[in-house]
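The values are calculated or read from the model by the stated rules, or taken from the named source; none is laboratory data. All values reported here derive from a predicted model rather than from experimental measurement. Positions of Cβ are generated from backbone atoms using ideal geometry, with glycine treated the same way; all protein chains shown enter the neighbour counts.
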Amino acid sequence: MKRSAMNNSELNKQDVQNLAHSPQAEAKSVVAQKVGAYYNGRTITPNGKKLAEDIFRIMVRDIETKVRQILADSLKNCRNLPSDIVNAVINDIDAVATPFLQYYSDLSNEDLIKILNMPSINKQKAVAGRLNLPNEISEYIVEKCSEEVVGVLISNDTADIQEKTFSSILTKYPQSEDIKKRLVYRAELPTSIIEKIANFLSEDLKKRLILSHNLPSDLASDIVEEVKEKTTLRISEEYSSDKQIEELVHQLYTSNRLTPSLVVRAICLGDIKFFEYAIVYLSNTPILEVRKILFNTPLDFMIRNLLRKAFIPKSMFPAVFSALKIIREIKFDCCRTDRKTFGHKVIERILSYAPNNEELSEEDIRYLVSKIN
């Protein structure tokens with residue numbers, strides 16, 4: 001009596017014939033798993049390998065999706081499969097192809113690019129999730145694929161993503177919260193990329209960024225300080241009377257937390273009262289005099305002198321002047337004016353301010369915009 005081909009690790013032509021005529025999907029699925037394991041094993045013979053490949057060619061055309069799924073799953077850990085079998089699996093429906101695409105190691109960069117050009121987002125995501133993806137493919141994904149696929153790439157900690165590719169991601173998706181979150185949760189990020197995204201993250205993500213990455217101490221301190229500033233200004237928003245705001249400013253001043261960046265952030269977000277009292281304390285100038293200089297004089301040099309007296313850095317002057325001009329133009333009402341819209345107007349004004357001011361460098365612009373956002 002002939003022993004079963006599966007039991008003695010040998011394949012014969014009868015196995016191929018039986019498979020071709022078997023109507024039962026369950027039986028064929030079992031065969032697919034066993035043949036896949038045999039093909040990937042150490043005891044396979046040249047003749048057995050050829051017969052196994054003949055079985056694969058029959059099964060990749062099977063009418064039952066389940067059979068093809070199990071076959072593809074069995075083949076994903078194999079090596080050196082014939083190209084016709086590989087192409088058949090790749091071009092199958094997503095449910096069959098995606099596990100194979102993510103794990104089959106013998107796909108060249110050219111193969112991966114062809115798959116990324118297919119109109120299937122699931123196949124593209126499978127490629128983006130592959131182990132040790134080279135930067136060439138990472139670049140191609142960022143350039144050609146959708147945000148959803150790029151998100152999978154970022155979350156793939158084994159993918160090689162160079163600093164230039166990260167920069168392309170930030171340029172392409174500057175407003176995407178999902179992309180920012182995935183970047184923060186990625187195991188490693190270049191410091192330059194951390195610096196670029198830090199000012200545009202929620203407070204929770206900033207905390208996560210500090211905890212997850214070995215940041216330079218100065219950068220970590222900047223992020224912590226910004227979180228504190230935003231929290232302070234949220235408290236200020238809740239106060240309506242001059243007395244409450246002056247008390248808050250006094251507390252910050254006596255604890256050395258009334259920083260220039262906090263003061264400038266306040267005026268750029270339309271927090272006029274906070275800004276006024278901050279200048280009062282920092283410049284030792286009475287409140288009526290401060291208001292007169294800021295809003296009732298056409299002489300810019302008087303405002304500059306007041307800002308110098310308050311130890312506001314010269315690089316921040318354009319942001320203050322932009323905010324003050326917009327306040328005058330729109331007859332700002334701190335109770336009715338939307339602060340987010342006001343902040344955007346200040347950013348636009350700063351950007352238009354730059355070409356006419358040789359003293360304002362690109363670095364200054366980036367810094368000021370980051371302080372407003």
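So the values come out like this:
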read-out	value
Count of segment 253-274 residues which are in contact (Cβ under 8 Å) with a residue 24 or more places away in the chain and part of a helix (DSSP H, G or I)	13
In segment 154-176, residue surrounded by the most Cβ atoms within 10 Å (Cβ to Cβ) [restricted to those that are in a helix (DSSP H, G or I) and under 10 Å from the mean Cα position of the chain (by Cα)]	ILE154
Failed item in (1) more than 34 Å from the chain's Cα centre (by Cα); (2) in a helix (DSSP H, G or I); (3) under 23 Å from ARG308 (Cβ atoms), with GLN244 passing the rest	(3)
Any pair with Cβ under 6 angstrom, 6 or more apart, that starts in segment 84-101 at a residue that is farther than 10 Å from ARG68 by Cβ and of a type in the set (Val, Ile, Thr) and ends at one that is in a helix (DSSP H, G or I) and at pLDDT 95 or above	ILE90/ALA97; THR98/ASN122; THR98/ALA126
Cβ pairs under 7 Å, 6+ apart, first in segment 112-129 and closer than 13 Å to VAL142 by Cα, second basic (Lys, Arg) and surrounded by fewer than 21 Cβ atoms within 10 Å (Cβ to Cβ)	LEU116/LYS144
Considering residues of segment 304-320 that are modelled with pLDDT of 90 or more and either surrounded by 14 or more Cβ atoms within 10 Å (Cβ to Cβ) or not assigned by TED's automatic domain parsing to the domain that holds ASN284 (or both) only, the residue nearest to the chain's Cα centre (by Cα)	ILE312
Which numbered condition LEU211 fails, given (1) closer than 22 Å to CYS268 by Cβ; (2) surrounded by fewer than 14 Cβ atoms within 10 Å (Cβ to Cβ); (3) modelled with pLDDT of 55 or more; (4) among the hydrophobic types (A, V, I, L, M, F, W, C)	(1)
Check on LEU189, of a type outside the set (Ser, Thr, Tyr) and either at pLDDT below 75 or closer than 22 Å to ARG291 by Cβ (or both)	no
When residues of segment 93-108 are limited to those that are among the β-branched types (Val, Ile, Thr) and either assigned to a helix (DSSP H, G or I) or under 27 Å from the mean Cα position of the chain (by Cα) (or both), the one surrounded by the fewest Cβ atoms within 10 Å (Cβ to Cβ)	THR98
